[in-house]
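**Q** Sharing a structure, written as structure tokens. Questions coming.
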2 protein chains.
Amino acid sequence: MSAGPVQAAYEALIAHARQTQALASAAGVLGWDQETMMPRDAAPQRAAALAAREAVIHARHASAEVGGWLATIEAQPDALGPEAAAQARLVARAHARAVRVPARLASELARVTSLAQGHWAAARAADDVPAFLPWLEQVIALRREEAGHLARPGQEAYDALLELYEPGATAEGLEAMFAALRPRLVALRDRALGADRQPARLVGNFGTEGQMRLARLIAGTFGYDWSRGRLDLAVHPFSSGSGADVRITTRVDEADPFNCLYSTLHEVGHATYEQAVAPHLALTPAGQGASMGVHESQSRLYENQLGRSAAFSGWLHGRMEAEFGPLDMDAEAFFGTVNRLEEGFIRTEADEVQYNLHVALRFGLERDLIAGRLAPADLEEAWNAAFQRDFGRRPPRPALGMLQDVHWSVGLFGYFPTYTLGNVYAGLLHRALRADLPDLDADLSRGVPGPALDWLRTRLQCHGSLLEPAALIAQATGTEETGTPDPGPLLAYLEAKFAAIYGL
Amino acid sequence: MSAGPVQAAYEALIAHARQTQALASAAGVLGWDQETMMPRDAAPQRAAALAAREAVIHARHASAEVGGWLATIEAQPDALGPEAAAQARLVARAHARAVRVPARLASELARVTSLAQGHWAAARAADDVPAFLPWLEQVIALRREEAGHLARPGQEAYDALLELYEPGATAEGLEAMFAALRPRLVALRDRALGADRQPARLVGNFGTEGQMRLARLIAGTFGYDWSRGRLDLAVHPFSSGSGADVRITTRVDEADPFNCLYSTLHEVGHATYEQAVAPHLALTPAGQGASMGVHESQSRLYENQLGRSAAFSGWLHGRMEAEFGPLDMDAEAFFGTVNRLEEGFIRTEADEVQYNLHVALRFGLERDLIAGRLAPADLEEAWNAAFQRDFGRRPPRPALGMLQDVHWSVGLFGYFPTYTLGNVYAGLLHRALRADLPDLDADLSRGVPGPALDWLRTRLQCHGSLLEPAALIAQATGTEETGTPDPGPLLAYLEAKFAAIYGL
């Protein structure tokens, strides 16, 4: 048998997939619009539009035509080059999933989560858990149903959802990763908070326009391409889109400029990853970041390992003074301030040490919710008890507790742990990058992250989803592929950095 | 044969159509986004997304399933109630069109027009006709091809396109309508411009923020529902969307506040029409305005017969002075000023008398372009010659001539004459409305258009597309349905109004 039929099947498959990606790309814009621009009462109509779109995309993924092309390709596994084989593998994965999930369920999930998001926002604003519970229950029921269709025999339902965001990850592996992280993070947190030396808090009023000017400056400095993106305000900062249209949002708190500046830098990490994917991959299955965890590794590396380094924060100190006038601290103290540990309640505002404890808490709770071990009605108490256990106090109101994140309202179960996976990947990447770039601090202190960005772009970002996450990280860092990534480098980096800041 | 199978077929048909409408509604948001928010270099990616979406919608309209349901329904024409029959008729029309136009062509049209629009904008900014010509040629070729598929035996290609915007209209009927309008409009224009009494021009600088505040005030005054809409800036004012998400745009010229204020009121006419369609029709085939002509009748009635009346302009005079300080004219003179005839070149800035002369010019040219009697390369000279004939001078540069409108770049051939149809419909509606509302001027002088808006809402707007345009206008005005609408009331209104202003 010649390669002819396989080539022909692949050409048909990729043309079909490009059209599916083009349809999906419109959803990115609609999602962004919903968060930034959409009129208030348009929510039900938008939900109907998203449900209809989801049904169309689901049908395309599941189509018998696609199944036929895949069968032809899989009959001769070595007939395609590595890039085409990777594309076919991604299509096959989406096809297998779509075939298992009924179209009605896919469409209903899109509709309900689109509505639930609005109800979550209203419930959070009113600290009204009972108003949100019926929606949460509906979303969980639908995702449990979906997981039931997706799970392989003997597979935990939660793992079937996790795989949608992080191919290759398992709850068991994550459990081990969190078990390794938790005691050392708790110990570091407790030592830092108990230390004699405490960084000062930044005090003052920092005008919105100045913050947005600085946010734009930082975004440009970190390579965000404005001709293919834009920055707007939203309740919850996010990045959306791929290829030639990757938009970011931020928020402004005039008492806390770091909220705006570092959330912008975080989203720039996500967005420049998408912008850096090789152009010939645009609107193909491999034309996006490799996984949520890998995505988060980029955003966290930009935000923390680079953005909160002593070198870069020194440069930022100068830009802050240029924008807002003299600060009541020098650059060295400022480095402590941007890394200051706080006894807060909000994950997105957490420092680097405690951030992964917030994630660990959510991972445990959502795994129980999906397993049916925890009822949604009991979530608030379970959250508060877990918070007491991990942080030594209870959230004073649900907006600071179980209502703080959008994720569960939009059905993102299995998503939270990818944040910590991303931090662990970032630890590995940062170690490798530092070894290759001895002058990085000198560059960062001049506001020039370019060499680090180039390293990430060529080693990792340009490849899109051609490699599976574990293989991609291994290739980028020049290490062996492992099942669950090693949290050692992240912990070593955190322990060294915070020992220096807190004089431990 | 019982009504059972027909009912079942109708239920399936309308459920399918609702999903198609939901998909189409997303396109409205994407179109708005492209004009207001989209990053510059995202155009090709957006074009691909729109082409993919068009292919999906085309396939849905053309599907054999839909054909089967329609055949069942059409076998027993009296089995459905009038509303269901109207919905089925609209689906049948879309199905018949989609079956005749190849999917490849529909998709290619969406892709090319999405790109051509950007090239038109660049060409207009640079006054560069040669840069636009290849795109115009491509668009015309594609639409001629489409018209070839759509036209019935013996039907003029142009009429096949015209029907897409105005069911029931023909080029021959429009030709007669323009022939009746042209001499009386030219005579009125020449008498007014030659009169001794000439309204003053408004002189001054009117800040952007003040203009936008007033624009919002006017929009709210005319019933625009902000919870289902929003107002933004764009190069070309437009309204888009339907049902619960109807957005409008405007533009600001600090030397000419009427540009912003009256274009806003115009778009509010379009938008409130969509917002007024009965909620149970939302996301159904009948859930939008009845035609482009009927749409334009609402926007022009709001803008001109109501907005530029002596009564309402008196109220506006007061609001202008409150916002910008004393004007150098009283309310009576201000009425003349908002209706002042100008020797301009731009259709969208034309006064009520000359506006339809601008449209007549485009109608003649585009009919020739589609018939192949006029080559795109000869359009500039043809435009300038026609302008010389109708307005007595030549446009000094193409941005003031053939490059001024977006329409042809996005393939809108057969669309321009619906503007004049709308004005003629507005003349008929205005006559009927005035007869029913003797106190209207007293209301308008207090800034209360409510009774007129209610009249339009209950007589016309709430019905969506349930009736064909001619039947809808006849029903709303309580007159007999005619082939081509009577331009008499519009001409009588214009002649009376401008005789008063210019002392003719």
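**Q** Would you tell me the mean number of C-beta atoms belonging to other protein chains that fall within 10 Å of each C-beta in B:245-251, as a whole number?
**A** Numbers: counts 10, 2, 4, 0, 0, 0, 0.
Partner Cβ neighbours, averaged per residue: 2.
**Q** Can I ask one more? Just to confirm the number: angle between the C-alpha axis of helix A:103-126 and the first principal axis of chain A, 0 to 90 degrees, nearest 10?
**A** 20
**Q** What figure in square angstrom, to the nearest 10, would you give for the accessible area of A:His280 with a 1.4 Å probe?
**A** 110
**Q** Compute the whole-percent fraction of alpha carbon pairs in the stretch A:4-150 spaced more than 19 Å apart.
**A** On the way: 6496 of 10731 pairs.
Cα-Cα pairs of the stretch A:4-150 separated by over 19 Å account for 61 percent.
**Q** ³J(HN,Hα) across the stretch B:361-372 via Karplus (A = 6.51, B = -1.76, C = 1.60, θ = phi - 60°), whole Hz, x for Gly/Pro?
**A** 4, 5, 4, x, 5, 6, 5, 5, 4, 6, 6, x
**Q** Let me ask you something else. Quote the charge dipole size of the protein assembly as shown about the Cα centre in Debye, to the nearest 20; the model charges only the Cβ of Lys and Arg (+1) and of Asp and Glu (-1).
**A** Details: 90 positive and 122 negative charges, 131 e Å.
Result for the protein assembly as shown is approximately 620 debye, rounded to the nearest 20.
**Q** To continue, here is another question. Can you tell me how much longer the chain between A:Asp256 and A:Ala176 gets when fully stretched, taken as 0.36 nm per residue apart minus their C-alpha distance, in nm with one decimal? Working shown, then result.
**A** Numbers: separation 80, 0.36 × 80 = 28.80 nm, distance 3.54 nm.
Length difference between fully extended and current span is 25.3 nm.
**Q** Also, quick follow-up: Can you compute the modelled spin-label distance between B:Ala500 and B:Arg373, with each label point 7 Å from Cα toward Cβ, in nm?
**A** Taking the simple label geometry, B:Ala500 and B:Arg373 are separated by 4.0 nm.
**Q** Give the shape of the stretch B:118-201 as rounded, prolate or oblate, defined through the alpha-carbon gyration tensor: a ≥ b ≥ c are the square roots of its eigenvalues, a/c under 1.5 means rounded, and otherwise the shape is prolate if a/b is larger than b/c and oblate if not. Write out the running numbers ahead of the final one.
**A** Working: a/c = 3.73, a/b = 1.33, b/c = 2.81.
Since a/c reaches 1.5 but b/c is at least a/b, the shape of the stretch B:118-201 is classed as oblate.
**Q** Assuming 0.36 nm per residue, please report the length gained on full extension of the stretch B:Gln155 to B:Glu83 beyond their Cα-Cα distance. Show your work: numbers first, answer last.
**A** Numbers: separation 72, 0.36 × 72 = 25.92 nm, distance 2.97 nm.
Taking 0.36 nm per residue and subtracting the Cα distance, the gain is 22.9 nm.
**Q** What Kirkwood hydrodynamic radius do you get for the protein assembly as shown when you take the inverse of the mean 1/r over all pairs of distinct Cα atoms, in Å?
**A** Numbers: mean 1/r = 0.0318 Å⁻¹.
So the Kirkwood estimate lands at 31.5 Å.
**Q** If R0 is 41 Å, what FRET efficiency do you get for A:Val203 and A:Thr479 from their C-beta distance, rounded to 0.05?
**A** The formula returns an efficiency of 0.40 here.
**Q** To the nearest whole number, what is the average tally of beta carbon atoms from other chains within 10 Å of the beta carbons of peptide A:30-40? Walk me through the numbers before you get to the answer.
**A** Details: counts 4, 0, 2, 7, 1, 0, 1, 9, 5, 11, 6.
Across A:30-40, the average partner-chain Cβ count within 10 Å equals 4.
**Q** Still on this model: Would you kindly calculate the translational diffusion coefficient of the stretch B:49-118, applying Stokes-Einstein with the Kirkwood radius from alpha carbon pairs, for 10 °C and a viscosity of 1.306 mPa s, and quote it in µm² s⁻¹ without decimals? Write out the running numbers ahead of the final one.
**A** Details: Rh = 13.3 Å.
It comes out at roughly 120 µm²/s.
**Q** May I pose another question? For chain A, what does the relative contact order come out to in percent, with C-alpha contacts under 8 Å and a separation of six or more?
**A** Working: 726 pairs, mean separation 100.7, N = 504.
Rounded, it is 20 percent for chain A.
**Q** Work out the charge dipole of chain B with +1 on the Cβ of Lys and Arg and -1 on the Cβ of Asp and Glu about the Cα centre, then indicate which of B:Ala290, B:Gln155, B:Gly229 is farthest towards its positive end.
**A** Positive-end residue among those listed: B:Gln155.
**Q** While we're here: For B:Asp245, what residues show an amide H to amide H distance below 5 Å, using hydrogens built from the backbone and excluding near sequence neighbours?
**A** For B:Asp245, whose amide H was placed from the backbone, there are no distant partners under 5 Å.
**Q** While we're on this one: Using only Cα atoms, locate the centre of the stretch A:336-368 and the centre of the stretch B:69-119, then give the distance between them in Å, rounded to an integer.
**A** 54
**Q** Any idea what the dipole of the stretch B:171-502 comes to, in debye rounded to 20, about its Cα centre with Lys/Arg Cβ at +1 and Asp/Glu Cβ at -1?
**A** On the way: 30 positive and 42 negative charges, 18 e Å.
I would put it at about 80 debye.
**Q** Testing the spin-label approximation: label points 7 Å from Cα along Cα→Cβ at B:Ala195 and A:Arg40. State their distance in nm.
**A** Modelled inter-label distance: 4.6 nm.
**Q** Express the accessible area of the protein assembly as shown per residue in Å², computed with a 1.4 Å probe while the remaining protein chains stay in the model.
**A** That works out to 37 Å² per residue.
**Q** Lys/Arg Cβ at +1, Asp/Glu Cβ at -1, dipole of the stretch A:4-150 taken about the Cα centre: which of A:Val91, A:Gly67, A:Ala26 is farthest positive-ward?
**A** Ranked along the dipole, the leading option is A:Gly67.
**Q** By how many degrees, between 0 and 90 and to the nearest 10, does the Cα long axis of helix B:208-221 differ from the longest principal axis of chain B?
**A** It is inclined by approximately 60 degrees.
**Q** What angle, in degrees between 0 and 90 and rounded to the nearest 10, separates the Cα long axis of helix B:310-324 from the longest principal axis of the Cα atoms of chain B?
**A** 70
**Q** Quote the relative contact order of the stretch A:358-460 in percent (integer), defining contacts as alpha-carbon pairs under 8 Å separated by 6+ residues. Present the calculation step by step, with values, prior to reporting the outcome.
**A** On the way: 52 pairs, mean separation 24.2, N = 103.
Once normalised by length, the contact order is 24 percent.
**Q** Follow-up question, since we're still on this one. For B:Ala442 and B:Gln76 in one chain, what is 0.36 nm times their gap in residues minus the Cα-Cα distance, to one decimal in nm?
**A** On the way: separation 366, 0.36 × 366 = 131.76 nm, distance 5.21 nm.
Gain in length upon complete extension: 126.5 nm.
**Q** If you don't mind, another one. I'd like the distance between the alpha-carbon centres of the stretch A:282-322 and the stretch B:120-193, rounded to an integer number of Å.
**A** So the separation of the two Cα centres works out to 52 Å.
**Q** Using 1/(1 + (r/R0)^6) with R0 = 25 angstrom and r between the beta carbons of B:Ser63 and B:Glu145, what's the FRET efficiency to the nearest 0.05?
**A** Details: r = 22 Å, r/R0 = 0.89.
The calculated FRET efficiency here is 0.65.
**Q** Per residue of the stretch B:73-88, in order, report the coupling 6.51 cos²θ - 1.76 cosθ + 1.60 (Karplus, θ = phi - 60°) as ³J(HN,Hα) in whole Hz, putting x for Gly and Pro.
**A** So the J values, rounded to whole Hz, are 5, 6, 5, 9, x, 9, 6, 9, x, x, 5, 4, 4, 5, 4, 4.
**Q** Based on the alpha-carbon gyration tensor of the stretch B:171-502 and its eigenvalue square roots a ≥ b ≥ c, which shape applies: rounded if a/c is under 1.5, prolate if not and a/b is larger than b/c, or oblate?
**A** Working: a/c = 1.32, a/b = 1.06, b/c = 1.25.
Verdict is rounded for the stretch B:171-502.
**Q** Assuming a ≥ b ≥ c are the square roots of the Cα gyration tensor eigenvalues, decide whether the stretch B:279-336 counts as rounded (a/c under 1.5), prolate (otherwise, with a/b larger than b/c) or oblate.
**A** Working: a/c = 4.97, a/b = 2.76, b/c = 1.80.
Taking the square roots of the gyration eigenvalues as a ≥ b ≥ c, the stretch B:279-336 is prolate.
**Q** For the pair A:Ala125/A:Asp225, report the inter-label distance in nm, with labels modelled 7 Å from Cα in the Cβ direction.
**A** 3.7
**Q** Okay, moving on. Could you rank the peptides B:401-412, B:386-397 by their average count of other C-beta atoms within 10 Å per residue, with the highest value first?
**A** Details: B:401-412: 21.2, B:386-397: 14.1.
Averaged packing, sorted descending, gives the order B:401-412, B:386-397.
The values are calculated or read from the model by the stated rules, or taken from the named source; none is laboratory data. From a predicted model like this one, the values you see are computed outputs, not experimental measurements. Positions of Cβ are generated from backbone atoms using ideal geometry, with glycine treated the same way; all protein chains shown enter the neighbour counts. SASA here: full protein model, heavy atoms, side chains in, ligands and nucleic acids out. Shrake-Rupley method; radii C 1.70, N 1.55, O 1.52, S 1.80 Å.
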